[in-house]
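Down below is the structure, laid out as structure tokens.
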Amino acid sequence: MALSMLSRKEKEKVIRRLLIQVPPGEFVNAFDDLCLLIRDEKLMHHQGECAGHQHCQKYSVPLSIDGNPVLLSHHSVMGDFRFFDYQSKLSFKYDLLQNQLKDIKSHGIIRNETECLRVVVLCALKLYVNDHYPKGNCNVLRKTVKSKEYLIACIEDHNYETGECWNGLWKSKWIFQVNPFLTQVTGRIYVRAHFFRRVNLHIEISKDLKESLEIVNQAQLALSFARLVEEQENKFQAAVLEELQELSNEALRRILRRDLPVTRTLIDWQRILSDLNLVMYPKLGYVIYSRSVLCNWII
């Protein structure tokens, strides 16, 4: 069906659905391409603003406020398209299409025991992220649900290489309640990659986790939490690499007409050619190999 035949509500639904599906790092490019098809600037601006807000929440878009890193998520949403950052104590709107902060306001925070714990956990998490991620970002938020205090830790790192035809995102989220002696940590690790050189390949992997942590004091809890995150993310990374290796082997088996050993080692063809003692006879048009050398090389 042509776009001109759709009603305004149907166009809004199509635009919203397409923009929500855009992989991380490609929102602006996808929006510009869609503008060429829709040719309705007012409609696209409104839908782009709504979808961009959801995109920031879904993929934990990192920002910088006065040189300090800020990580957006749906846990930092205040309503009316506003985000709140505990570290800078600022709320703001963010225009993803213009990469611009708007309507920045200052807020006060009650500095209680939970806030002190949040700062300590953030310091421990930053040490881990700086040691393990090339361009990693992290943040720790507070939430109160039914008079219960929770801390939410978010980690994000990405590599958007549109010029090289691939984009990749790693992010994780960890939630635990502030209890006196024992707490349960609930985590989710998420990886998404998009390759679009000659093929359009999407990889999306996630894992949910639950672990328990003993609480002695704030410093012990922060260090134990950082070690837990490191251990679980290392296990997840090793499992993902193993799964991708197996997927690659399976794809290679389907391409080949017969089963062949896959050594995944580089072959030095120059050395092989010299060892085979190749002799060319131009008039006859064929090549003679030294049989003994060939047999030794195969063995």
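The values are calculated or read from the model by the stated rules, or taken from the named source; none is laboratory data. As the structure is a computational prediction, the values presented were derived from the model and not from experiment. Ideal geometry is used to build each Cβ from the backbone, glycine not excepted, and the neighbour counts take in all protein chains shown. Surface accessibility is based on the protein's heavy atoms, side chains included, excluding ligands, DNA and RNA. Shrake-Rupley method; radii C 1.70, N 1.55, O 1.52, S 1.80 Å.
At-a-glance table
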read-out: Selection count where residues are more than 22 Å from PHE236 (Cα to Cα) and open to solvent by less than 40 Å² (accessible area, probe 1.4 Å), scope segment 126-175; value: 4
read-out: Subset of segment 54-73 [farther than 19 Å from LEU97 by Cβ and modelled with pLDDT of 90 or more]; value: LEU71, SER73
read-out: Near pairs, Cβ below 8 angstrom, 6+ apart or cross-chain, from segment 48-66 (under 12 Å from GLY25 (Cα atoms)) to any residue that is open to solvent by 30 Å² or more (accessible area, probe 1.4 Å) and basic (Lys, Arg); value: TYR59/LYS171; SER60/LYS171
read-out: Top-ranked residue of segment 37-79 - restricted to ones that are of a type in the set (Gly, Ala, Ser) and surrounded by 14 or more Cβ atoms within 10 Å (Cβ to Cβ), ranked as nearest to ARG17 (Cα to Cα); value: ALA51
read-out: Residues (basic (Lys, Arg) and in contact (Cβ under 8 Å) with a residue 24 or more places away in the chain) located in segment 109-145; value: ARG118, LYS135, ARG142, LYS143
read-out: Scope segment 12-29; condition without any contact (Cβ under 8 Å) to a residue 40 or more places away in the chain, not in a loop (DSSP other than H, G, I, E, B) and not aliphatic (A, V, I, L, M); matching residues; value: GLU12, LYS13, ARG16, ARG17
read-out: Residue within segment 97-112 that is over 20 Å from the mean Cα position of the chain (by Cα), assigned to a helix (DSSP H, G or I) and modelled with pLDDT under 90 present; value: no
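One line per residue, one yes/no per condition, for (1) at pLDDT below 65; (2) surrounded by 11 or more Cβ atoms within 10 Å (Cβ to Cβ):
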{"position": "ASN217", "(1), (2)": "no, no"}
{"position": "GLN220", "(1), (2)": "no, yes"}
{"position": "THR265", "(1), (2)": "no, no"}
{"position": "ILE272", "(1), (2)": "yes, yes"}
